[in-house]
Amino acid sequence: MNIALLLLRAAVGFYVLATASAFVSVVLKLRKLLPWTPLLAGIGFAAHLAHLACRTAAAGVLPVGDTRDLLSLLCWAAVLVYLVSWSRTRLEVLGIVILPLVLVLLFISNILTREVFPVSRDLEGGLLNFHIVVAVLGVAALFLTFAASVFYLVQERGLKEKRPGRLGLVLPSLEKCDTLSKFSMMWGFPLLTVSIITGAIWNANFRSHARFWESKESFALLAWLILGVIVSARYLRGWRGRKAAYLTILAFAALLLRMIGVYL
């Protein structure tokens, strides 16, 4: 078996485990899992480094001849930044920001060809169904995020105008709206991440060319990036309030355009 390919599989596998550990430890508040995230990411980083070393030895130069190789090197460097930053700051939230970005970048950039994650033709339907179910669950969770964001903006406007409970509605407090938005987003964002990854695996195995940069898929990526910014700002800077609500509504609109685009 090709050693470089085996090392790349190992690297991506450990990155996936590290990302899952990061989300589970933060979302479910399982403190025992916190040390596992940098450990798993570190093993993946070492395998990725060995993969790059094998490629360099085979080519005689650092493999940056095309965009895929350059992005692979960028992802490796991003994990290095994460590991160094975590060792200095012990910020667990870095894992739910940097690691998903690395994974999505790897999976949508054509670096991971069908040889990296081969899927039998017998499993084509099962993988596609899993991708659709995860995507639907992620968008469903973000329906709640969208509603909480709308409630927040309406409630804030009512309080500023000293007319809370406009339109005869009893709305939750600003704090409850913000908490609900944060809670539902922390379920919707990882589910959306998984749907993008599984979609990329399906495309690599059963399509002749990647389609993640087509207009419909661009809406999903745009929504994912906006939600990633919100998650990052919430945890790293304590961001909340009107800006987060407006960006959440924008991300949800992009997701709806993606879902509607399936049938257009």
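Summary of values
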| quantity | calculated |
| --- | --- |
| Residue that is farthest from the chain's Cα centre (by Cα) [pool: residues in the range 225-242 that are at pLDDT below 80 and crowded, with 18+ Cβ neighbours inside 10 Å] | 240 |
| Some residue of the range 118-133 being touching an Asp or Glu at 6+ places or on another chain (Cβ under 9 Å) and either within 29 Å of residue 234 (Cα to Cα) or among the aliphatic types (A, V, I, L, M) (or both) | no |
| Residue count, the range 53-79 (criterion: more than 26 Å from residue 30 (Cβ to Cβ) and in contact (Cβ under 8 Å) with a residue 12 or more places away in the chain) | 12 |
| Those residues of the range 29-52 which are hydrophobic (A, V, I, L, M, F, W, C) and within 18 Å of residue 91 (Cβ to Cβ), in sequence order | 30, 33, 34, 36, 39, 40, 41, 45 |
| Qualifying positions in the range 122-140 - of a type outside the set (Gly, Ala, Ser) and either over 12 Å from residue 202 (Cβ atoms) or touching a His at 6+ places or on another chain (Cβ under 6 Å) (or both) | 122, 133, 136, 137, 139 |
| Every residue from the range 105-155 that is among the acidic types (Asp, Glu) and at pLDDT 80 or above | 122, 124 |
| Unmet criterion (only one of (1) out of contact with any Leu (no Cβ under 7 Å at 6 or more places or on another chain); (2) among the hydrophobic types (A, V, I, L, M, F, W, C); (3) surrounded by 14 or more Cβ atoms within 10 Å (Cβ to Cβ); (4) over 22 Å from residue 231 (Cβ atoms)) for residue 36 | (4) |
| Test: residue in the range 113-134 that is touching a residue at least 40 places away in the same chain (Cβ under 8 Å), assigned to a helix (DSSP H, G or I) and closer than 23 Å to residue 30 by Cβ | yes |
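Per-residue answers, yes or no, for (1) in contact (Cβ under 8 Å) with a residue 40 or more places away in the chain; (2) under 17 Å from the mean Cα position of the chain (by Cα); (3) assigned to a loop (DSSP other than H, G, I, E, B):
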{"site": "7", "(1), (2), (3)": "yes, no, no"}
{"site": "12", "(1), (2), (3)": "yes, yes, no"}
{"site": "16", "(1), (2), (3)": "yes, yes, no"}
{"site": "24", "(1), (2), (3)": "no, yes, no"}
{"site": "37", "(1), (2), (3)": "yes, yes, no"}
{"site": "40", "(1), (2), (3)": "no, no, no"}
{"site": "47", "(1), (2), (3)": "yes, no, no"}
{"site": "50", "(1), (2), (3)": "yes, no, no"}
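The values are calculated or read from the model by the stated rules, or taken from the named source; none is laboratory data. Everything quoted here is computed from the prediction, not taken from an experiment. Using ideal geometry, Cβ is built from the backbone for each residue, glycine included, and neighbour counts are taken over all protein chains shown.
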